[in-house]
Amino acid sequence: MDKMNLDEFFKRIGFSGPFEKPDQATLNAIHKRIVMTVPFENLSIHCGEKIGMDHKAIFNKIVREQRGGWCMEGNYLLAWVLRELGYDSVMLGARVTFGNANDPSAPESHLINMVTIDGRRYIADVSFGLSFQIWEPIELVSGKDHTEAAGVFRLIDQDGLWFFEKTSRKQKILNPDLAKSDLKAFERRLTEYVSCLQPATGRWRMILIVVSVCTATGAWNWLIDPDTQKVSFFSSLWNHPFFTISCITLIALFFAGIHKRVVAPSIIAARCRTVLAEYNMSCDDTGKLILKPRPNPHSKTFA
């Protein structure tokens, strides 16, 4: 296999080192940077593009074209990076199952990497996606919990068949100070902000209704005027200044963003729901927080 341009790859994932030796700290940092910058992407399937396992084509797609890749591409590229950095690694096939459907006869449709550092083995998988994506490699020890911001993960050895599981237990808290803060304070601030937008939103809605009605009335008078068809378009507009001014005002309002101002509270609530969804929460249109039930455990299997 050809030599990789590591500087180009590191620039793509935003990794600036330090790198002194193939140790666990470097592996964790590179693994996390890939997860954070290279999305799971299977658009090539839908676009009719050729898909292969040529390492140069994968490098060009993910690194130079700034795209993502599916599991085979992302983890195959990782395997190349690990070899270039001097890690003791090997690629493994895996089976993907959900819930209790742990069928060992399922085809191997996933690719992962196993890295050995100081006699310890780690599973590295940078391209699984969804909520099962690990941020850092997991040590290959049966039953050992690996707590990350994305959840609690573990590997289970069942008679030589290894299972990868994500439990529904408490997640790792990245910012303990924030975790100790009162969610009620956040909810109160959110509801206050949404509430303060309501008066302005009401005024913008009234302005939009008035201008729209004026424009519709002017358009009706412009259309039923028999002289409209006898003169040029601009002359007809000149003969109906009420319609012309109303129409220009309506267009100007849309350029000024009135279509967003009339639904500003809903936009804020929708954006908050997107952020809160990562923490299994949501909020209503007034900003009040909603706690969702914990998801059921799921698993991913590999041999």
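May I ask for the distance between the Cα centers of region 60-81 and region 22-40, given as a whole number of Å? Here the two parts' Cα centres lie 13 Å apart. Across the cross-link table entries Lys32/Lys144; Lys50/Lys166; Lys11/Lys61; Lys32/Lys56, which are compared at the Cα atoms, the separations over 25 Å belong to Lys50/Lys166.
Among the GluC sites (Glu not before Pro) within region 31-77, those in coil by DSSP and having at most 10 neighbouring Cβ atoms inside 10 Å are Glu49, Glu65. Using the Cβ-Cβ distance between Gln66 and Arg273 with R0 set to 30 Å, the FRET efficiency from 1/(1 + (r/R0)^6) comes to roughly 0.55. Taking the helices alone, the chain has a mean residue ellipticity at 222 nm of -13500 deg cm²/dmol, built from -39,500 (n - 2.57) per DSSP H run of at least 4 residues and averaged over all its residues. For region 181-291, a simple Cβ point-charge model (Lys and Arg +1, Asp and Glu -1, everything else neutral) yields a dipole of about 200 debye relative to the Cα centre. Residues in region 15-25 carry Karplus couplings, in order, of 9, 10, x, x, 10, 10, 7, x, 10, 5, 4 Hz; the curve used is 6.51 cos²θ - 1.76 cosθ + 1.60 with θ = phi - 60°, and Gly or Pro positions show x.
Here's the picture: charge each Lys and Arg Cβ at +1 and each Asp and Glu Cβ at -1 in the chain, and of Leu43, Phe10, Thr215 the one pushed furthest to the positive end of that dipole is Thr215. The modelled label-to-label distance between Asp88 and Glu49, using points 7 Å beyond Cα along the C-beta direction, is 3.7 nm. Between Lys292 and Ser16, the contour length at 0.36 nm per residue exceeds the alpha carbon distance by 95.5 nm.
Net charge dipole, region 6-173: roughly 400 debye, given to the nearest 20, about the Cα centre with Cβ charges of +1 for Lys and Arg and -1 for Asp and Glu. Take every DSSP beta bridge whose two residues both sit in region 6-173; close to 90 percent of them are antiparallel. With the convex hull drawn over the C-alpha atoms of region 181-291, the volume per residue is 112 Å³. Annotation: Cα Rg of region 6-173 relative to the compact-globule expectation 2.2 N^0.38 Å equals 1.03. Computing semi-axes √(5λ) of the Cα gyration tensor in Å for the structure here picks out one of (i) 34, 20, 18; (ii) 45, 22, 17; (iii) 54, 27, 18, namely (iii). Think of each Lys and Arg Cβ as +1 and each Asp and Glu Cβ as -1; about the Cα centre, that makes the dipole of the chain roughly 880 debye.
Sparse packing (at most 14 other Cβ atoms within 10 Å of the Cβ) combined with a DSSP loop state is found for the following trypsin sites (Lys or Arg not before Pro) in region 198-252: Lys230. Between Ala57 and Phe242, the contour length at 0.36 nm per residue exceeds the Cα-Cα span by 60.4 nm. Think of the chain as having a plus end and a minus end, set by charges on the Cβ of Lys, Arg, Asp and Glu; of Leu276, Ile248, Asn60, Ile248 sits farthest toward the positive end of this dipole. Computed extension length for Asp285-Phe234: 13.9 nm, one decimal, from 0.36 nm per residue of separation with the Cα-Cα distance subtracted. For a paramagnetic label modelled on Gln198 (point 7 Å from Cα along Cα→Cβ), amide N atoms under 19 Å away belong, within region 243-268, to 261-268.
Read-outs: derived from the displayed coordinates by stated rules, not from any lab. Treat the numbers as computed from the prediction; the structure is a model and nothing was measured. Using ideal geometry, Cβ is built from the backbone for each residue, glycine included, and neighbour counts are taken over all protein chains shown.
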